[in-house]
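Input: a single structure, listed below in structure tokens.
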Amino acid sequence: MGVRARGIGIKAALSGWNLSWAGFCSNQQGEWWLLGQGVLILAVIILPAWPQSALTGLSLTWRNCLMISGGSLLAGGVVLAVASFFALGGNLSPLPEPKPGIKLVQSGPYRLCRHPLYLAVLICAAGVMLIRHSTLHLALLIALAMTLRGKAKREEQGLVRRHPDYRTMFSGQPAIVAWIPGLNWSIEDAS
């Protein structure tokens, strides 16, 4: 089943983002949250494990377990991200300010939590942390979680403004992860 067959055009999903240098300078639509997210994701991808000696004290069995667990998390995060991308369709935007005319999505991964794309990013970052067994990557994961929390709260403020029924439709769902303090809040807390 192709992308068009599902009614989701890649071009439609990637259009209407209203990215501009003026916006980045003024943070009009929450561009600084996007910048922080991008920098942290890039750091997770390109920075080497630190300290390097962290893996030397582990047995080969433990290192293999960490690699397999991390690889599984990374693969699962990618699958969740792709599913979330397709569920959002034309509503997709990298900015926390919702695009005009969007429709609320409650299907697919959006049945699990209010921000499954952010959950996917965190799962991928956790996978990289385990693969590299890196204290630095643990710190980056925590920083990324705090950044995505702030971005999600800004996004929810815009969603409540555009869709007053957002509160009632999503009030029982976890924000990102129900059982991790700081990654679950009520919609009223975002306002």
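The values are calculated or read from the model by the stated rules, or taken from the named source; none is laboratory data. Because the structure is a prediction, the values reported are computed rather than measured. Cβ placement follows ideal geometry from the backbone for every residue including glycine, while neighbour counts extend to all protein chains displayed.
Could you list, ordered by first residue, the pairs with Cβ atoms under 9 Å in which the first is in segment 168-191 and under 17 Å from ARG154 (Cβ atoms) and the second is polar (S, T, N, Q) and part of a helix (DSSP H, G or I), at least 6 apart or interchain? Listed pairs, sorted by first residue: ALA190/GLN157; SER191/GLN157. Listed conditions (1) free of Cβ contacts under 8 Å to residues at least 40 places away in the same chain; (2) over 19 Å from ALA87 (Cα atoms); (3) surrounded by 20 or more Cβ atoms within 10 Å (Cβ to Cβ) are all met by MET146, apart from (3).
For segment 127-160, residues that are more than 20 Å from LYS99 (Cβ to Cβ) and more than 12 Å from the chain's Cα centre (by Cα) total 16.
Out of curiosity, is ALA43 at pLDDT 80 or above, out of contact with any Gly (no Cβ under 7 Å at 6 or more places or on another chain), among the small types (Gly, Ala, Ser) and farther than 26 Å from LEU140 by Cα? Answer is no for this residue.
Does segment 1-14 contain at least one residue that is within 25 Å of LYS153 (Cβ to Cβ) and modelled with pLDDT under 90? Yes, some residue in segment 1-14 is within 25 Å of LYS153 (Cβ to Cβ) and modelled with pLDDT under 90. For segment 42-61, the criterion of being crowded, with 20+ Cβ neighbours inside 10 Å, touching a Phe, Trp or Tyr at 6+ places or on another chain (Cβ under 6 Å), in contact (Cβ under 8 Å) with a residue 40 or more places away in the chain and not aromatic (Phe, Trp, Tyr) is met by none of the residues.
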